[in-house]
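Accompanying notes for the structure given below.
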Amino acid sequence: MIEVPSQALARQYQEPAFPISDTCSFWKGESAVICGILGILGKPDFRLLEVGTYRGCGLVHFHAMFPAARLESLNVLPEQAGIGGTEILPREEIGAYAVSVGVRYVQHFGDSRYFDFAGLGKFDAVFIDGNHHEEFVVCDSMRTLGALVAGGVMIWHDCTDRYPMGQCVQRALGRLPFASQIVKVRGTTLCCYFKPVGPIGPPRRFRAACRNIGQTVG
Ligand SMILES: C[S@@+](CC[C@H](N)C(=O)[O-])C[C@H]1O[C@@H](n2cnc3c(N)ncnc32)[C@H](O)[C@@H]1O
């Protein structure tokens, strides 16, 4: 895995103010890095699929970063989650925070291991943040890869050796056939992968951002 420092990618935006009761799952500084990575797409109305909605805090951030982005999110329902399900919410709480602040997005329900992603068409970005167990992360990554356009980006949250679930994500990414092209953003739990358009690897803008801080990528 290639590593780049977060300052290569961070892009500030007007962050939403969260009520104290609504903790967001992003760690400090991470949303600015996500904003920078998504900005590399160079397309403000990109189509993004999130795996793992929870209360919708991530969606609120994505909307604040790029109000024209077309957001969709998948979450498992309690009755669909089998043994080993994590962070299972009742249907009415899934995405409820995003809905309460007026963020428009499309909510899908299902277990990511079996969901028909092909039926949704193509996305410019996929954000993997569902069940963090290793087998789920491998499965979610491989199954959504086909839904990602060439030149699109896959982003993973919680990839870190700092806590056990993060270690599961880290191990999962190491197993992916394109592991050597995944970029880890130092000081965060974020990793990203730009699906190549041709044999040239990541987009020029991504390579340029990383070269500016002396890192060669792809
Ligand atoms: C870490 S939370 C997501 C946080 C959210 N992305 C955010 O930024 O606020 C993980 C979510 O994935 C959902 N989840 C767990 N297993 C899943 C599965 N197999 N398929 C789809 N969603 C799943 C959980 O119910 C939970 O809402």
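Where residues in segment 119-167 are polar (S, T, N, Q) and under 16 Å from PHE194 (Cα atoms), which of them is nearest to the ligand (Cβ to nearest atom)?
Our first condition is that a residue be polar (S, T, N, Q); within segment 119-167, this holds for 131, 141, 144, 160, 167.
Next cut, under 16 Å from PHE194 (Cα atoms) only: 141, 144.
Numbers: SER141: 13, THR144: 11 Å.
The extreme case among them is THR144.
Please go through segment 63-100 and give me each residue that is within 9 Å of the ligand (Cβ to nearest atom), of a type in the set (A, V, I, L, M, F, W, C) and under 20 Å from THR144 (Cα atoms), ordered by number.
LEU74, VAL76, LEU77, ALA81 - these are the residues of segment 63-100 that are within 9 Å of the ligand (Cβ to nearest atom), of a type in the set (A, V, I, L, M, F, W, C) and under 20 Å from THR144 (Cα atoms).
Does segment 151-162 include one or more residues that are aliphatic (A, V, I, L, M), over 18 Å from GLY39 (Cα atoms) and in contact with a helix residue (DSSP H, G or I) (Cβ under 8 Å, 6 or more places away or on another chain)? Quick ask: steps written out before the conclusion?
Looking only at segment 151-162, we keep the residues that are aliphatic (A, V, I, L, M), and these are 153-155.
If we keep only those that are over 18 Å from GLY39 (Cα atoms) as well, we get none.
No, because not a single residue in segment 151-162 is aliphatic (A, V, I, L, M), over 18 Å from GLY39 (Cα atoms) and in contact with a helix residue (DSSP H, G or I) (Cβ under 8 Å, 6 or more places away or on another chain).
Name the one entry in VAL137, VAL149 that is farther than 15 Å from LEU71 by Cβ, β-branched (Val, Ile, Thr) and under 14 Å from the mean Cα position of the chain (by Cα). Walk me through it before giving the result.
Values: VAL149 fails: under 14 Å from the mean Cα position of the chain (by Cα).
When all the criteria are applied, what remains is VAL137.
Just to be sure, is LEU71 at pLDDT 95 or above and aliphatic (A, V, I, L, M)? Break it down stepwise before answering.
Details: at pLDDT 95 or above: yes; aliphatic (A, V, I, L, M): yes.
Spelling it out, LEU71 is indeed at pLDDT 95 or above and aliphatic (A, V, I, L, M).
Pairs needed: first member in segment 92-105, among the acidic types (Asp, Glu); second member anywhere, not in a helix (DSSP H, G or I); C-beta distance under 7 Å; at least 6 residues apart or different chains.
Close Cβ pairs satisfying both conditions: GLU93/ARG55.
Could you list all residues from segment 123-161 that are out of contact with any Leu (no Cβ under 7 Å at 6 or more places or on another chain) and in a loop (DSSP other than H, G, I, E, B)?
Matches in segment 123-161: ASP129, GLY130, ASN131, HIS132, HIS133, GLY146, ASP158, THR160, ASP161.
Of all residues in segment 115-130, which are in contact with a Phe, Trp or Tyr (Cβ under 7 Å, 6 or more places away or on another chain) and under 11 Å from SER73 (Cβ atoms)?
Restricting attention to segment 115-130, the residues satisfying the condition of being in contact with a Phe, Trp or Tyr (Cβ under 7 Å, 6 or more places away or on another chain) are 124-125, 128, 130.
The answer is GLY130, and nothing else.
Which residue pairs have Cβ atoms closer than 6 Å, lie 6 or more positions apart in sequence or on different chains, and pair a first residue in segment 54-75 that is within 14 Å of ALA125 (Cα to Cα) with a second residue that is within 7 Å of the ligand (Cβ to nearest atom) and part of a helix (DSSP H, G or I)?
none
Give GLU79, GLU72 a once-over and let me know the one that is among the charged types (D, E, K, R) and touching a His at 6+ places or on another chain (Cβ under 7 Å). Before the answer, list the steps.
Values: GLU79 fails: touching a His at 6+ places or on another chain (Cβ under 7 Å).
Within the list GLU79, GLU72, the selection yields GLU72.
Pick out the one residue from ASP111, ASP116 that is without any contact (Cβ under 8 Å) to a residue 24 or more places away in the chain and surrounded by fewer than 19 Cβ atoms within 10 Å (Cβ to Cβ).
After applying the criteria, what remains is ASP116.
Within the group ARG113, ARG55, which residue is assigned to a loop (DSSP other than H, G, I, E, B), more than 19 Å from HIS133 (Cβ to Cβ) and in contact with a helix residue (DSSP H, G or I) (Cβ under 9 Å, 6 or more places away or on another chain)?
ARG55 is the lone residue from the list that is assigned to a loop (DSSP other than H, G, I, E, B), more than 19 Å from HIS133 (Cβ to Cβ) and in contact with a helix residue (DSSP H, G or I) (Cβ under 9 Å, 6 or more places away or on another chain).
The values are calculated or read from the model by the stated rules, or taken from the named source; none is laboratory data. Since the structure is predicted, the reported quantities are computational estimates derived from the model, not experimental observations. We place every Cβ from the backbone using ideal geometry, glycine too, and count neighbours over all the protein chains shown.
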